[in-house]
Amino acid sequence: MAVFLFFSVTAQPPAPKDFLGYSIGEKYTPHWKIVSYFRKVAETAPSMVKLQQYGETNEGRPLMLAFVSSPENILNLDNIRKNNQRLANTSLDRMAALEEGAPAIVWLSYNVHGNETSSSEAAMMTLYALVDPANEKTKTWLKNTVVVIDPCINPDGRDRYVNWFNSIVGQQPNVAPAAREHSEPWPGGRTNHYNFDLNRDWAWQTQVESQQRLKIYLQWLPQVHVDFHEQGINSPYYFAPAAQPYHEVITPWQREFQVSIGKNNARYFDKAGWLYFTKEVFDLFYPSYGDTYPIYNGAIGMTFEQAGHGTSGLGIITDDGDTLTLHDRALHHFTTSLSTIEVASGLSAKLISEFRKYYNESVANGVGEYKTYVVKNVSADNQRIASLLQLLDKNDIRYEFAADRAKTGSSGFNYDTGKEQGFTVEKGDLLIQSQQPHSVMVKVLFEPKSKLVDSATYDITAWSLPYVYGVKAFASRVKIQSGGGARPGMIVNNLKEAYGYVIPWQGVQSAKLLGQLLKEGVRVRYAEQPFSINGQDFARGSLIVVKKSNESKWPGMTGILNKAGNDNQVSVIEVSTGFVDAGFDFGSEKIHFIHAPRVALLTGDGTSSNDAGEVWYFFDKVINYPVTLVNVNDLRRVNKDDYDVIIMPAGNYPFLNDKSAQEDLKSWITRGGKLIALDRAVSQLSRLDWAIKSKKEVDNEKKDEYDDLKVYEERERDYLRSFMPGSIFRLDIDNTHPLAYGYPDHYFSLKQDNNLYNFLDDGGWNVGVIKKDNQVSGFVGSKVRNKLKDALVFGVQEMGRGNIVYFADNILFREFWENGKLFFCNAVFLVGQ
């Protein structure tokens, strides 16, 4: 049940200047003061404004919404929300939806990128304009419109930027681009506490801000959503309509309304003499943006971009000699905010009718060629499937489980093979039907290949969930009705004292359990080879806990294992002997100790803040295992022997250009250290004499003597021939190596560049390789496609007593590429043990 903040004191709501003590644009407003202003307005205009705190950031700052409308609508606010759910067919009650007279819901999201600061200033201007007693226009709009304002999606990032800027600016801002106030330090204010880009996290909801916001968003499902941003300082303002590619599911009405908004915005900008552009750069394809996610949930989703972001400060001289000020930036966002509300009010009835039509069509017929997506109930995939269910729940996507084995077979697209093949629905299989309220999201997230009408896209082009999660799945063009089965129950371990205990190595939860045991001082072993015992089969990597080396903890071991297993929802199996039926006994040299690794992560100047943040978050929030963050510039002063593992995220590492620094790192590895290189860090290492080598490009294509004659107008299209924004490739996996324990003989990897590496020779293990014709989904430029073959992607190079682990692709991409995470755990905990 939503908790709203009610205020009983009624007075004139203050203008921002009267409350803040300065005009918008004169200085930056810290987040606490923005919250205070919203609370003051709600206190003085309680009949028109309700506040709801929907959560907190990692650093404890409040996340808040303001609901603004006419007094009549505010009194009826919760009934409006419930009716809107009925319009969308997401309500659990059976009351009829009321279409006539239902107000349109307009949701305005400000400051998702913390250093794109003008929009939170504009949010205060917008709030005041809506409650200003003298503003007759907004009073009229609010009669048939409910406006939801999120004044700051990313308070931690905003305050990181604002506090830094306020700490270094003088009495007067310096507009010279070279001034230090236009060069914010690493990691910048764009991202949240863990350096995540919240505007890429809408669908995946890996971050606490996204999780809390989307829970409320899906309870309201607005008809219009605007996400306010900033771009480079020399760009004119951007507003809808968006650029191609549009995803094919975007309806004619959603496209038409964008044009209506664009024309109304243009009317105000033309009158003021401001420059703007439309239909360029910002497309509508990747599903996890603040424009596409609302679109795929029935809204008109739009991005508005103002020149500015973290380089502009309070004012900066642009390339054409103009001075771009914070006041100008906020004024532009304020103008498009009101323009959007105005159009929504004028087309309120149409918005409601099209919204209802959108969801009725989803429930009646479903969207797309596939009617049922089937995820097979494979025991080795239980942890992956559990993670997939969490994502579906976060997005309010409905699913069911097969009650029994189907009497007849089915056919469908096999994600593993890329072919139409037969299969049989088994008891416990997961079924996701296309016919449901969020049918569009189901299609967008599950379709094997998304259609691109224009390859000049802003982000990755492939994300189909069976590949992301590594589950065996089929897509059927015929609806399969085999539901009614029970959801898997909670795992409850109730162990008794035994000779030993085995923990299957099947996913991230197994790794998290291992970390929990290591932190408690439990000595854990793992099996290099598969084995069978007591009639049960265990795969490579299975964890083993026995009394030997755990004597002091053995009296309480069942309690430790019960808690760790139950906390992580992993079954722990009792065994009565170390004498196996098949494989190697528990005392064999094929059974290895796992020494608790001491881990360091390189961060700071030169590293990619996003990539470093992904690793930091994974240790801190996902597996809850200690990691020490070390600034790259301090690495020479750090005693590396204090660490067993050093992780290099993507970045530029100048220290690798220094011969003595290279030798220092190499010496640490040969003494037993383990270096894990991720993504573009592999390219950095490839320049060293003793590391992996980049694959030299061999161009066997016959070159036409006129190839160098290019048409200027086609320069962007020519660039796309070498473009690779993010596509899925199938890798062949050597799953007998510890780096690949818990995997089948293949893996679907997200490739975002065309960097290729030679196979490792003696002293190296080529664990994940790309062969020819292995592209699965997504766009790859014609010049690149045929060259992506016969190369290493994942590998381990042995060096003295240590190892270098290479991940040429980002296995932790945005924390949502679930199936890559076990590779990372293997690298940290198992490789080299």
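Under the 0.36 nm per residue contour assumption, what length would be gained going from the current alpha-carbon distance of Glu56 and Ala179 to full extension? Walk me through the numbers before you get to the answer.
Numbers: separation 123, 0.36 × 123 = 44.28 nm, distance 3.44 nm.
Contour length minus the Cα-Cα distance gives 40.8 nm.
Binning at 10 Å from 0, report for the range 319-362 what percent of all alpha-carbon pair distances ends up in each bin. Cα pair-distance distribution for the range 319-362, in percent: 23, 27, 23, 17, 10, 1. With the highest mean first, a sort of the peptides 498-510, 232-244 on other beta-carbon atoms found within 10 angstrom per residue produces 498-510, 232-244.
Based on Cα contacts under 8 Å between residues 6+ apart, the chain shows a relative contact order of 10 percent.
Where Rh is the Kirkwood radius over the Cα pairs of the range 212-367, the temperature 37 °C and the viscosity 0.692 mPa s, what D in µm²/s does Stokes-Einstein return? This corresponds to a translational diffusion coefficient of 199 µm²/s.
Across every direction, the projection of the convex hull enclosing the Cα atoms of the chain has a mean area of 38.6 nm². Set the Förster distance to 35 Å, then compute FRET efficiency between Lys407 and Phe277 from the Cβ-Cβ distance, nearest 0.05. Plugging the Cβ-Cβ distance into 1/(1 + (r/R0)^6) gives 0.05. Shown here for the range 495-566: GluC sites (Glu not before Pro) in loop regions (DSSP other than H, G, I, E, B) with at most 14 other Cβ atoms within 10 Å, namely Glu497, Glu520.
Work from the charge dipole of the chain (Cβ charges, +1 for Lys and Arg, -1 for Asp and Glu, about the Cα centre) and give the residue of Val224, Ala661, Gly422 farthest towards its positive end. My answer, from the dipole projection, is Gly422.
Site pair Ser588 and Arg671 shows an inter-label distance of 3.5 nm when each label is modelled 7 Å from Cα along Cα→Cβ.
Before anything else, pin down the relative contact order of the range 376-513: Cα pairs under 8 Å, at least 6 apart, normalised by residue count, whole percent. Computed over the range 376-513, the figure is 34 percent. Under the combined filter of DSSP loop state and at most 11 neighbouring Cβ atoms within 10 Å, the range 456-547 retains these trypsin sites (Lys or Arg not before Pro): Lys496.
Express the relative contact order of the range 233-312 as a whole percentage, based on alpha carbon pairs under 8 Å and six or more residues apart in sequence. Before the final figure, lay out the partial values.
Numbers: 113 pairs, mean separation 37.5, N = 80.
Worked out over the range 233-312, it gives 47 percent.
Rounded to the nearest 20 debye, the dipole magnitude of the range 91-137 is 80 debye, with +1 charges on Lys and Arg beta carbons, -1 on Asp and Glu beta carbons, and the Cα centre as origin. Inter-part distance, the range 729-808 to the range 160-198, computed on C-alpha centroids, equals 39 Å. Pairs of C-alpha atoms in the range 279-420 farther apart than 18 Å represent 76 percent of all such pairs.
Grab the beta carbon distance between Ala380 and Asp689, set R0 = 35 Å, and tell me the FRET efficiency rounded to 0.05.
Details: r = 41 Å, r/R0 = 1.17.
FRET efficiency, Ala380 to Asp689: 0.30.
If only the Cβ of Lys and Arg carry +1 and only the Cβ of Asp and Glu carry -1, the dipole of the range 569-614 around its Cα centre is close to 120 debye. With the simple spin-label model, which puts each label point 7 Å out from Cα in the Cβ direction, the Glu369 to Trp186 separation comes to 4.7 nm. Only lysines eight or more places from Lys771 in sequence, or on another chain, were considered; those with a Cα closer than 18 Å are Lys693, Lys695, Lys696, Lys751, Lys783, Lys787, Lys789. Mean residue ellipticity at 222 nm, helices only, the chain: -8500 deg cm²/dmol; runs of at least 4 DSSP H residues each add -39,500 (n - 2.57), and the sum is divided by the number of residues. Placing +1 on the Cβ of every Lys and Arg and -1 on the Cβ of every Asp and Glu, with no other charges, gives the chain a dipole of roughly 1560 debye about its Cα centre. On the basis of the beta-carbon distance and an R0 of 51 Å, Tyr712 and Asp790 show a calculated FRET efficiency of 0.90. Treating each Cα of the range 595-638 as an identical point scatterer and summing with the Debye formula, the log10 of I(q)/I(0) at q = 0.13, 0.18, 0.19, 0.29 Å⁻¹ comes to -0.29, -0.53, -0.59, -1.05. Excluding same-chain neighbours fewer than eight residues apart, the lysines reachable from Lys443 by a Cα-Cα span under 17 Å are Lys371, Lys394, Lys451, Lys479. Using a Cα-Cα cut-off of under 28 Å, which lysines could be cross-linked to Lys547, ignoring same-chain neighbours fewer than 8 residues away? Lys547 reaches Lys496, Lys512, Lys519, Lys563, Lys590.
Put simply, the Cα atoms of the range 403-488 extend 46, 28, 22 Å along their principal axes, the longest span coming first. Solvent-accessible surface of the range 286-341, averaged per residue with a 1.4 angstrom probe and all protein chains in place: 20 square angstrom. Here the alpha carbons of the range 535-619 define both size measures, Rg and Dmax, at 18.1, 54 Å. Whole-Hz Karplus values for the range 733-743 come out as 10, 8, 7, 8, 8, x, 5, 10, 4, x, 10 Hz, taken residue by residue from phi with 6.51 cos²θ - 1.76 cosθ + 1.60 and θ = phi - 60°; glycine and proline positions read x.
The values are calculated or read from the model by the stated rules, or taken from the named source; none is laboratory data. Computed from a predicted model, the values in this text were never measured in an experiment. All Cβ positions, glycine included, derive from the backbone under ideal geometry; neighbour counts span all protein chains shown. Side chains are part of the model used for accessible areas, which takes the heavy atoms of the whole protein and leaves out ligands, DNA and RNA. Shrake-Rupley method; radii C 1.70, N 1.55, O 1.52, S 1.80 Å.
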